[in-house]
Structure formats: structure tokens, C-alpha cells
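Following: one structure in C-alpha cells, then a few remarks.
The values are calculated or read from the model by the stated rules, or taken from the named source; none is laboratory data. Since we're looking at a predicted model, the values are computed, not measured. Neighbour counts run over all protein chains shown; Cβ positions are idealised from the backbone, glycine included. Side chains are part of the model used for accessible areas, which takes the heavy atoms of the whole protein and leaves out ligands, DNA and RNA. Shrake-Rupley method; radii C 1.70, N 1.55, O 1.52, S 1.80 Å.
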Amino acid sequence: MPESVRLVCERIFLLNELPPGLQRHHWHWQLKDNYIAGTRLRLRKSRVPATDERRRWLQQKYPTGSHGTFAFAELELSAQEYEIFKTFEGDEIRKNRYPFEYEGRHYEIDFFLGRLLGLILAKARFATEAEMERFPVPPFAALEVTGDPLFAGGRLVYLSFEDLRREFASRR
């Protein structure tokens, strides 16, 4: 694997609501992801409302074959570079990302906006696959969705919250 690519181990959980103690007005990042059609690339922009700090990246994320692991590469862009890549913008996902800690474990809680309003996911990252596999589902999670292609960003970008509800109803 090239040095610019890193291996990430994570599990993803579907939530019915924000975890206890976390509220929408708490400190967060605003993320805007544009998935470039026909590629595994996304153009990401973030903003911290509390400080107005902004960042921009070109990212690529793809599964490695192991459950819950993926290769991840990113290139930070200047504002000018982002504007050039912006011509390739595709379908967009907007979400607020909250840092959250529960029983010593750090999570990223994604509260989706727009067409996906109502979708809340929690991500936990791990140093090793073994650590990831031993980790229990947190009590604030409704369901683990790690590896479910329905919850991959490149798929979610084409769905609405109602589409997700219909899909879950059809799986029962």
C-alpha cells in the first residue's frame, strides 16, 4: 500500500436518535461531500461553525476485502484547487459530525441533512482488526450497519430517508 494510503478499521452503527447527552447545538463540523460520478472519489469540504475554520480535500475510500476495513487516501486542497475540482462535483451529501465519547471510546456521530434528514450514524475506529472484532455494539445503537452497501456514501447520495425506511421495511 503506498504511503499516501492508510488502512482504516471502523464499525458503523445506525441510531434512532442522538446518543444521551449529545445535542444538535453542540460543537460539530459541517461536512459537504460531493461524489464524483463514475469514480471512487469524493470532494469534501468542512466548516466548523464555532470558529469558521474551513478545509477541503479530495478523498478516495475503497474496501480492502476484510469486513469493516478499507483503504483511504486524501489530498488536502487549497481554496483555489477546490474551485478547480468543483467543476467535477457530483451528487451531494450534507451532514453535521459530532465528536462523542462513551465509556472511553471515541465516536463520530453523523447527523445527516437534506434528503437524508433523520439518518444518524455512529462510527468507531480501531487500531487493529482484532480490536474492532472484539468491540461490542454500543447500547445507544439500534443496529450495526458495518459493510452494508446501503450505508456507503456513494450509495446514500442517491437515496432519501424515506428510501431507507422502505428498504428496511422490505428486509423484514
(Q) Being within 24 Å of Ala124 (Cβ to Cβ), charged (D, E, K, R) and loosely packed, with under 15 Cβ neighbours inside 10 Å is the requirement here; does Arg6 meet it? (A) yes
**Q.** Residues that are part of a strand (DSSP E or B), at pLDDT 95 or above and hydroxyl-bearing (Ser, Thr, Tyr), drawn from the range 31-79
**A.** Ser46
Q) Cβ-Cβ below 7 Å, separation at least six or inter-chain, first residue in the range 125-147 and more than 23 Å from Arg165 (Cβ to Cβ), second part of a loop (DSSP other than H, G, I, E, B) and not hydrophobic (A, V, I, L, M, F, W, C): which pairs? A) Glu129/Ser66; Met132/Gly68
Q) Can you name the residue in the range 21-49 that is free of Cβ contacts under 8 Å to residues at least 60 places away in the same chain and among the basic types (Lys, Arg) and, of all such residues, is least open to solvent (accessible area, probe 1.4 Å)? A) Arg44
Q | Candidates Phe100, Phe72, Phe135, Phe161, filtered to the one that is over 25 Å from Ala50 (Cα atoms), open to solvent by 20 Å² or more (accessible area, probe 1.4 Å) and in contact with a Leu (Cβ under 9 Å, 6 or more places away or on another chain) | A | Phe161
Q: Select from the range 80-97 the residues that are without any contact (Cβ under 8 Å) to a residue 24 or more places away in the chain and not charged (D, E, K, R) and write down the one among them that is surrounded by the most Cβ atoms within 10 Å (Cβ to Cβ).
A: Ile84
Q) Quick one: is Arg155 surrounded by 16 or more Cβ atoms within 10 Å (Cβ to Cβ), among the charged types (D, E, K, R) and assigned to a helix (DSSP H, G or I)? A) no
Q. Looking at Glu10, is it under 16 Å from the mean Cα position of the chain (by Cα) and either closer than 25 Å to Asp148 by Cα or part of a strand (DSSP E or B) (or both)?
A. yes
**Q.** Subset of the range 124-167 (residues that are under 14 Å from the mean Cα position of the chain (by Cα) and either among the hydrophobic types (A, V, I, L, M, F, W, C) or within 14 Å of Glu17 (Cα to Cα) (or both))
**A.** Ala124, Val145, Leu150, Phe151, Ala152, Leu156, Val157
Q.
Could you tell me how many of the residues in the range 107-123 are in contact with a Ser or Thr (Cβ under 7 Å, 6 or more places away or on another chain) and buried (at least 21 other Cβ atoms within 10 Å of the Cβ)?
A. 1
Q | Cross-chain or 6+ apart pairs with Cβ under 7 Å, the range 50-69 first and among the small types (Gly, Ala, Ser), then surrounded by fewer than 17 Cβ atoms within 10 Å (Cβ to Cβ) and part of a strand (DSSP E or B) | A | Gly68/Glu10
